[in-house]
Amino acid sequence: MLGEFEYVLITAAAALGDNAYGAAIREEIEATTRRRCSMGALYTTIDRLETKGLLKTWMGDSTPQRGGRAKRMVRVTSKGVHAAKEFYDAVMRVSRGVSWAENQTGSSS
Amino acid sequence: MTAVAWPLVELASRLLEPDEREAVLGDLLEAEETAWQALLDIFGLVLRRQAFLWKSPQPWFAGFSVALPCTYLLMHVSVSVTATYERLFHHRVSTRWPTGQEGFVLLFCHFFLLMAWSWAGGYVVGSASRRTLWVSIALSSLACAFCLVTFRFEPLSRFCSFLFLLPAILGVRHGVRQARFSFACASLLAVTVTLLMIFAWAHQALWVLNWVLALPAWYLVAAAWRSRQEGRTGPSWPFSPAPLPSPVSVRKKH
């Protein structure tokens, strides 16, 4: 099963679609979690997920905004989608009936 | 980011792999981070990469089981070989380094062993710790410094203790480049080394701890055997199913 940060990263990459690359994923993670995401955590997690076959990466185009440096593009594989769904379902199941999830699920009395 | 700080960031990024450096520097520019934050980010990433490498047993094995003890022993052998050479060719006898009854045959035998031990040890260190080689080199240097301080060389020169250095460096280069060799070659080397050691041992011209130096040669046999089993010709880590850990290589998409 995925770790919390792995799930967050895969979700951010999936949400960004074709525009998923290092800096964009990092920005997305920081915006949604409201926590700083270090470059070290980001790239080592990307490597780990790629080794597990959950992500695929390649060197993309460079832009003037990046000083002519190439982007490391990221795509979630079908295996990655499956793992993220599994994690999400598990969180949903374990959260049933707890007070902080009531408003989210609409099951409050 | 200031123009002054950027070269510092670029310098620090040299600790990363070329592809990763390109992506990380681009990300830092895009995020418009401060120089301090960028430096922290890069050092954080480098630290994580190094920490990951040390999860594997190979760097520990190469540094603490091979580089450190072998350097100490090889320096000892280097001085001993020089002392024998001085006695046989220049009739200079060092009481600090008694070379006993060793004649020309044993001198040749020891010289060959010194070269083979050094090369094989260097090869093992190079192949098992390619990305943590700096630690193995640091440990070797530590052993060298210890020997230089504790050994009493007179009347020999201190440089004689570095006889092993050239073949060892050559071995490290071959190891880092994963130079290919066959199972037969590795076996021939290991068997020759062992036979010569038995010969020297029989003539009471071998220190008991020197047997440790035969292990790298047998490591090569194990590596070559494993490579042959897997249908490859290049050597690899013999006691682990996975090759050396390295960051996933990213290539330009076609």
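Within the range B:22-111, report the GluC sites (Glu not before Pro) that DSSP leaves as loop and that have at most 10 other Cβ atoms within 10 Å. Walk me through the numbers on the way to the answer.
Working: sites: B:Glu22, B:Glu30, B:Glu32, B:Glu33, B:Glu86, B:Glu102; in loops: B:Glu32, B:Glu33, B:Glu102.
Within the range B:22-111, the qualifying GluC sites (Glu not before Pro) (loop, at most 10 other Cβ atoms within 10 Å) are B:Glu32.
Work out Dmax and Rg for the range B:15-94 from the C-alpha atoms and quote the Rg first, both in angstrom.
Rg and Dmax of the range B:15-94, Cα atoms, are 23.9, 72 Å.
Compute the convex hull volume of the Cα atoms of the protein assembly as shown, divide it by the residue count, and report the result per residue in Å³ as a whole number.
Dividing the Cα hull volume of the protein assembly as shown by its residues yields 200 Å³.
Can you sort B:Ser127, A:Ser95 by how many other beta carbons sit within 10 Å, fewest first?
Arranged by neighbour count, lowest to highest, B:Ser127, A:Ser95 become A:Ser95, B:Ser127.
In debye, nearest 20, what is the charge dipole magnitude of the protein assembly as shown about its Cα centre with +1 on Lys and Arg Cβ and -1 on Asp and Glu Cβ, if you could check?
760 debye
How many angstrom separate the Cα center of the range B:142-190 from the Cα center of the range A:15-34?
The range B:142-190 and the range A:15-34 have Cα centres separated by 50 Å.
By per-residue mean of other Cβ atoms within 10 Å, what is the highest-first order of B:188-194, B:162-168?
Top of the packing list down: B:162-168, B:188-194.
What translational diffusion coefficient, in µm²/s and rounded to a whole number, does the Stokes-Einstein relation yield for chain B at 20 °C and a viscosity of 1.002 mPa s, taking the hydrodynamic radius as the Kirkwood radius over Cα pairs? Don't jump to the answer; show the numbers that get you there.
Values: Rh = 20.6 Å.
My calculation gives 104 µm²/s for D.
In chain B, which longest range has no trypsin sites (Lys or Arg not before Pro) that are both DSSP loop (not H, G, I, E or B) and surrounded by at most 14 other Cβ atoms within 10 Å?
It works out to B:97-151.
Looking only at other chains, what is the average number of their beta-carbon atoms within 10 angstrom of each beta-carbon in B:24-35?
Values: counts 8, 4, 14, 14, 6, 8, 12, 8, 1, 1, 0, 0.
Taking the mean over all residues of the peptide, I get 6.
Before rounding to the nearest 500, sum -39500 (n - 2.57) across all DSSP H runs of length at least 4 in chain B and divide by the residue total; then give [θ] at 222 nm in deg cm²/dmol.
Values: 10 runs with 158 residues, N = 254.
Mean residue ellipticity at 222 nm (helix-derived): -20500 deg cm²/dmol.
Helix A:78-95 against the longest principal axis of chain A: what's the angle in degrees, Cα atoms only, rounded to the nearest 10?
30 degrees
Could you run the Debye sum over the Cα atoms of the range A:8-83, one equal point scatterer each and no solvent, and tell me log10 of I(q)/I(0) at q = 0.14, 0.24 Å⁻¹, two decimals?
Calculated log10 I(q)/I(0) at the listed q: -0.41, -1.16.
List the relative contact order of the range A:4-88 as a percent without decimals, with contacts defined as Cα pairs under 8 Å and 6+ residues apart. It would help to have the intermediate numbers written out before the result.
On the way: 100 pairs, mean separation 27.7, N = 85.
33 percent.
Through the Karplus equation 6.51 cos²θ - 1.76 cosθ + 1.60, θ set to phi - 60°, convert the phi angles of the range A:38-47 into ³J(HN,Hα) values in whole Hz; use x for Gly and Pro.
Once θ is set to phi - 60°, the couplings for the range A:38-47 become 6, 4, x, 5, 4, 6, 6, 6, 4, 4 Hz.
Run through every distinct alpha carbon pair of the range B:39-134 and return the Kirkwood hydrodynamic radius in angstroms, one decimal place. Numbers along the way, then the final one.
Working: mean 1/r = 0.0629 Å⁻¹.
Over the range B:39-134, the inverse of the mean reciprocal pair distance is 15.9 Å.
Using θ = phi - 60° and the Karplus form 6.51 cos²θ - 1.76 cosθ + 1.60, what ³J(HN,Hα) does each residue of the range B:213-218 get, whole Hz, x for Gly and Pro?
Listing the rounded values in order: 5, 7, 4, x, 5, 6 Hz.
Using alpha carbon centroids, what distance separates the range B:201-234 and the range B:1-69, in Å?
35 Å
Values quoted throughout were computed directly from the atomic coordinates according to the rules given, and no laboratory measurement underlies them. Since this is a predicted model, take the numbers as computed values, not measurements. Positions of Cβ are generated from backbone atoms using ideal geometry, with glycine treated the same way; all protein chains shown enter the neighbour counts.
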